[in-house]
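Here the structure comes first, spelled out in structure tokens, and everything after it is commentary.
The values are calculated or read from the model by the stated rules, or taken from the named source; none is laboratory data. All values reported here derive from a predicted model rather than from experimental measurement. For neighbour counting, all protein chains shown are included, and Cβ atoms are generated from backbone atoms with ideal geometry for every residue, glycine included. These accessible areas exclude ligands, DNA and RNA; they are computed on the full protein's heavy atoms, side chains included. Shrake-Rupley method; radii C 1.70, N 1.55, O 1.52, S 1.80 Å.
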Amino acid sequence: MLTYTIRRLVTLIPVLFGMILIVFSLIHAIPGNPAKVILGQQATKEAVAALSKDLGLDKPIHIQFIDYIKQLLHGDLGESIRTKAPISEEIWPYLAATIELSIVAMIIAIVIGVNAGIISAWFQNSWFDYIAMLLALIGVSMPIFWLGLMEQYTFAIHWDLLPTTGRDNIRDPVEAITHLYLLDTLLQGRFDQFIEVIKHLILPGFALGTIPMAIIARITRSSMLEVMRSDYIRTARAKGLGSFWVVYKHSLKNALIPVITVIGLQTGLLLGGAILTETIFGWPGIGSYIYEAIQNRDYPVIQSGILVIASIFVLINLVVDLLYAAIDPRIKYR
Amino acid sequence: MKKTWSIAFVIILTLSLALTGCSSSKKNGASGGNDDGGGGTLIYARGGDSVKLDPATVTDGESFIATAQVTETLVDYDKESTKVVPGLAKSWEMSKDGKTYTFHLEKGVKFHDGTPFNADAVVYNFNRWFKSKDAKTFAYFKSQFSGFEGEKEAVIKEVKAIDDNTVQFTLNRPQAPFLKNLAMSPFAISSPAAIKKYGDKYIEHPVGTGPFVFKEWKRNDTITLEKNKDYWKKGLPKLDKVIIKVIKDNSARLNALVKGEVDLIDGVNPSEVDKVKSNSKLQLFERPPMNIGYLGFNVEKKPFNNKKVRQALSYAINKKEIVKNFYEGTAEPAKNPMPPTIAGYNDSIQDYDLDLDKAKKLLKEAGYPNGFKMDLWAMPVPRPYMPNGQKVAEAIQSDFAKIGVKAKIVTMEWATYLDKLQDGQAPMFMLGWTGDNGDADNFLYALLDKDSIGSNNYSRYKNEEVHKLLLQAQTETDEAKRNDIYKKVQEIIHDDAPWVPLAHSKPQLAGKSTIKGFFPHPTGTQSFADVTIE
């Protein structure tokens, strides 16, 4: 198990290198000079040329790439062209905001998705099954920005239950320690703010969780259906075990492997793919951080931002693989 | 073991919920205000974050919205126009030849860090830009004053302190919009002590003399400013606190205003203006236009090198419909390359009215009786002067089809778009401009002089007479004579038709109905010193 983990970690190096290479080539292939974007429409030619030189953009592309790799090997993610701040310092608040939101979204997606899938399989072809699967279909195909705006309109404006935007009450802002606001408010003993932060998480959490929720529900259902038709389930029922135990204990455990795969992949996707939700809900997350960097041709931020997300993505996949072994003793890694 | 943990968890959860019950009575709500209409917090929400908070080093409007509260300029713009009024300098004199300006500064003004504002501070700031010879950091200084110390084309020759409260600027040549340039946010005066103290980090710690003191910046989220209790203008500012918040999406921002989470927003979609008008708790603010959205022709490319073709296309566009449908009435049709709010605007020009017969006749004369095929470049992003470039392009496309000109709409990502336009790759394109200092020079010279080819003259329009007149206007210090020159230039440009000016948009803002004293300034930047909210 340990050797497997180490081997997997080592194979990450070529994967990440390849990814850096692809991202680097892609962003340098698109036209648009960052110096020009930074200095605006008013800028003079001299200013653009001077800034390009300053940013090292006048060097040949392979030299720029080697410089960047060297920098990474020194543990330096680089400096934002636009704000001049070191990316390693700048990125964490954004990443923390997205991680917090993604975790909440995944909890919502898993709790509702898995249970909806189980019940649909349990009562296959019942009205619950039909409605749940129809909703899942709608959920998968829902445009998030529309869903987000509708949520805002319904729950925040019409019923006045929840806030529309941001991570905290703007008039009573959270003092950041770790930038994970749920944790920060608890550390400071500000339970009023803790509740406020939860309120701010609900709407974007649901918006972001909708698609994974629908996918998880569908996978759980089909996986459960397969397991529930197997012999050992029939035996369990024949022994006289209650339906609930048969479904939630005996079937679920065996049906979980594909579900966990999907959960792992979806969690990774949320980290980078939360941009629409972040835009609608004024969430200062990593998706909008990188998006803005792309608009401004802030090359170091794009590269390092994607690198960070990709690293988390592959790490989550590793964790998922290791979880298989924990759930199913038949799976062993050597 | 497992059980113990679950029990512990349940206990903690119950406890925290119980505690919440105790503490949630704490006031965390609405913006309070006191009896005399002062005090309270104003939350201003906008679509993008500031880039840096040192005004001298940025060019984007979002940065100036914040810095204009903290740092102030020697002279200022009037509340609702670009007329120059006193700022940190209470008066000034210009020498006869227009080459020397002497400013008398307000006395007893202090920076937020307690150091005194005086002539030395002004000289320090100007020398910081002027002697840096660093066009990439102080880009606006370079573009507005044409150069740095010792450079041939530079406007400024020397800045020196005469006494503690008097500063003298010596120029190499007269510059007519000199005062208007000085009123721009990038030339606001920062505390020399703070610049030295923070060094590279000054961009995150602005210290000025303004009505509000910088407190905190959470990037891409909020900028918090607090009342300057020792502000030199007595009785101001009225607010205790200003928070500037980023909410990217226009509709979401309006939702936050309707809900009362924020007090004032910019960037209201034209299609949502009615939503604000019909809500009695809200009010609408309209920014006077200082911009132009236009359709440009690359006059170096066939067939647009022929004036008649350009005029023909000018006759074919139904501007009124475009303004009605895509600006939803939040703009006025344009006939000149600069907006009517700016001195020197030529209102006597007769626009090319919609006239398809005339258009067809001109095309025939130009040798294109059956029209032609051409790419029409449309901007990919909404800009203040063009809320929906794609739709406007489609409207123009169908207008052109009526005279046999088949336009194919081409679009690409914004940075790429600007880059290729600058290279002169587009034959026909949509673009616009927002003015910097409210001067005609900043439109006509910046956009249509032959000197600006390769920068902002995307039409690559070159007319020697226009060039001569524009240079003459730059040094003409008699306001009336200068305006006459600009009127003449607009006539020539109108006849040459390198562009079809489309519209001057009036950006829409919305706020709570209890807001008083707020005037959206044409430049896009305004002080919140006079604003009150109940």
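Pairs to check: B:Lys99/B:Lys450; B:Lys245/B:Lys320; B:Lys83/B:Lys481; B:Lys157/B:Lys487. Give those whose C-alpha atoms are more than 28 Å from each other in this structure.
Working: B:Lys99/B:Lys450 26 Å; B:Lys245/B:Lys320 36 Å; B:Lys83/B:Lys481 17 Å; B:Lys157/B:Lys487 30 Å.
In this structure, B:Lys245/B:Lys320; B:Lys157/B:Lys487 exceed 28 Å between Cα atoms.
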Amide H neighbours of B:Asn172 under 5 Å, counting only residues 5+ apart in sequence or on other chains, H built in-plane at 1.01 Å? B:Ile156, B:Lys157
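Dipole size in debye (nearest 20) for the stretch B:228-309 around its Cα centre, Lys and Arg Cβ +1, Asp and Glu Cβ -1? Show your work: numbers first, answer last.
Working: 17 positive and 10 negative charges, 57 e Å.
Rounded to the nearest 20 debye, it is 280 debye.
Check every DSSP H run in chain A and write down those whose alpha carbon atoms cover 27 angstrom or more along the long axis and whose mean Kyte-Doolittle hydropathy is -0.5 or greater. Don't skip to the end; give the middle numbers.
Numbers: long enough: A:2-29 (41 Å, 1.74); A:87-122 (49 Å, 1.54); A:191-228 (46 Å, 0.99); A:252-273 (30 Å, 1.41); A:299-327 (42 Å, 2.02).
Span-like helices here: A:2-29, A:87-122, A:191-228, A:252-273, A:299-327.
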How big is the shadow of the Cα convex hull of chain B, averaged over all directions, in nm²? 30.9 nm²
Quick one: if you stick a label point 7 Å off each Cα along the C-beta vector at A:Leu241 and A:Lys45, how many nm between them? 8.0 nm
Explain nothing, just the number: dipole magnitude of the stretch A:87-333 about its Cα centre with +1 on each Lys and Arg Cβ and -1 on each Asp and Glu Cβ, in debye rounded to the nearest 20. 1400 debye
Once both labels are modelled 7 Å past Cα along the beta-carbon direction, what's the A:Arg7-A:Leu265 spacing in nm? 2.4 nm
Counting only residues 5 or more apart in sequence or on a different chain, those whose built amide H sits under 5 Å from that of B:Phe285 are B:Leu509, B:Ala510, B:Gly511
Shape descriptor, chain A: equivalent ellipsoid semi-axes (Cα gyration tensor, sqrt 5λ, whole Å, largest first) stand at 42, 27, 18
Determine the per residue accessible area of the protein assembly as shown with all protein chains present and a 1.4 angstrom probe, expressed in square angstrom. 43 Å²
Net charge near A:Ile38: determine it from the other residues with C-beta under 12 Å of the C-beta of A:Ile38, scoring Lys and Arg +1 and Asp and Glu -1. +3
Expressed as a whole number of Å, what is the distance separating the alpha-carbon centroids of the stretch A:176-204 and the stretch B:132-151? 46 Å
From the residues A:His62, A:Leu9, A:Leu51, which one has its Cα farthest along the dipole of the stretch A:1-72 in the positive direction, the dipole being from +1 and -1 charges on Cβ of Lys/Arg and Asp/Glu about the Cα centre? A:Leu9
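Mind checking the stretch B:247-323 for GluC sites (Glu not before Pro) that DSSP puts in a loop (not H, G, I, E or B) and that have at most 15 other Cβ atoms within 10 Å?
Working: sites: B:Glu261, B:Glu272, B:Glu286, B:Glu300, B:Glu321; in loops: B:Glu261, B:Glu300.
Answer in residue order: B:Glu300.
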Run the numbers on the stretch B:126-145: which residues show a drop of 10 Å² or more in accessible area, chain on its own versus all protein chains together, using a 1.4 Å probe over heavy atoms? B:Ala135, B:Lys136, B:Ala139, B:Tyr140, B:Lys142, B:Ser143
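Could you report the buried accessible area between A and B, both sides summed, computed with a 1.4 Å probe and given in Å² to the nearest 100? Show your work: numbers first, answer last.
Working: alone 18140 and 23870 Å², together 37220 Å².
Buried: approximately 4800 Å² between B and A.
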Top of A:Val262, A:Val104, A:Val48 by mean-square fluctuation, Gaussian network on chain A, Cα under 10 Å: A:Val48
State, in angstrom, two size descriptors of the stretch B:166-287 derived from its alpha carbons: Rg to one decimal place and Dmax to the nearest whole number. 19.1, 56
Output for the stretch A:131-217: chymotrypsin sites (Phe, Trp or Tyr not before Pro) sitting in coil per DSSP, at most 12 other Cβ within 10 Å, listed by number, reads A:Trp159
Mind listing the long-range amide H neighbours of B:Asp76? Cut-off is under 5 Å, sequence gap 5 or more, other chains count too, H placed in the peptide plane at 1.01 Å from N. B:Val85, B:Gly87
Residue (of B:Val392, B:Thr416, B:Tyr458) at the positive-pole extreme of the stretch B:388-511, dipole from beta-carbon charges: B:Val392
Scalar couplings 3J(HN,Hα) for the stretch B:516-523 by Karplus 6.51 cos²θ - 1.76 cosθ + 1.60 (θ = phi - 60°), nearest whole Hz, x for Gly and Pro, are 10, x, 9, 10, x, 7, x, 6
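What is the magnitude of the charge dipole of the protein assembly as shown about its Cα centre, with +1 placed on the Cβ of each Lys and Arg, -1 on the Cβ of each Asp and Glu, and no other charges, expressed in debye to the nearest 20? Please report the intermediate quantities before stating the final value.
Working: 99 positive and 93 negative charges, 472 e Å.
It works out to roughly 2260 debye.
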To make sure I understand the rule: partners must be aspartates and glutamates, Cα under 20 Å from the Cα of B:Lys391, and not fewer than 8 residues away in the same chain. Which ones qualify? B:Asp249, B:Glu272, B:Glu321, B:Glu328, B:Glu332, B:Asp375, B:Asp399, B:Glu413
Over all residues in A:26-39, what is the mean tally of Cβ atoms on other chains that come within 10 Å of each residue's Cβ? 4
Give me the inter-chain shielding for A:154-160: mean count of other chain Cβ atoms within 10 Å, whole number please. 2
Calculated FRET efficiency for the pair A:Leu16/A:Lys253, C-beta based, R₀ 30 Å, to 0.05: 0.30
Dipole check, the protein assembly as shown, charges on Cβ (K,R +1; D,E -1), about Cα centroid: among B:Ser132, A:Pro284, B:Gly40 the Cα furthest to the positive pole belongs to A:Pro284
Expressed in nanometres to one decimal, the distance between label points 7 Å along Cα→Cβ at A:Ile61 and A:Tyr130 is 5.7 nm
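Excluding B:Ile485 itself, what net charge comes from residues whose Cβ is under 12 Å from its Cβ, given Lys and Arg +1 and Asp and Glu -1? The partial results should precede the final answer.
Working: positive: B:Lys468, B:Lys481, B:Arg482, B:Lys487, B:Lys488; negative: B:Asp441, B:Glu465, B:Glu476, B:Asp478, B:Glu479, B:Asp484, B:Glu491.
So the environment of B:Ile485 carries a net charge of -2.
In what sequence, highest mean first, do A:317-327, A:248-258, A:65-75 appear when ranked by Cβ atoms within 10 angstrom?
Working: A:317-327: 15.3, A:248-258: 17.4, A:65-75: 12.7.
Listed from highest to lowest mean packing, they are A:248-258, A:317-327, A:65-75.
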Cα-Cα longer than 19 Å, checked against A:Lys70/B:Lys218; B:Lys215/B:Lys241; B:Lys301/B:Lys406; B:Lys360/B:Lys406; A:Lys36/B:Lys201; B:Lys142/B:Lys180, kept in input order, equals A:Lys70/B:Lys218; A:Lys36/B:Lys201
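Give the longest segment of chain B that steers clear of trypsin sites (Lys or Arg not before Pro) in DSSP loops with at most 12 neighbouring Cβ atoms within 10 Å, not counting the sites themselves.
Working: sites that count: B:Lys26, B:Lys27, B:Lys96, B:Lys107, B:Lys131, B:Lys152, B:Lys229, B:Lys234, B:Lys281.
It runs B:282-534.
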Within 10 Å of each Cβ in peptide B:252-265, how many partner chain Cβ atoms are there on average? Round it to a whole number, please. 5
Apply the membrane-span-like helix rule to chain B: whole DSSP H runs, Cα extent along the own long axis of at least 24 Å, mean Kyte-Doolittle hydropathy at least -1.0. List the helices found. B:2-23
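Convex hull volume of the Cα atoms in the protein assembly as shown, per residue, in Å³? It would help to have the intermediate numbers written out before the result.
Details: hull volume 174.0 nm³, N = 868.
Here the figure is 200 Å³ per residue.
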Packing-wise, with mean Cβ within 10 Å as the measure, how do A:275-281, A:84-90 rank, highest first? A:275-281, A:84-90
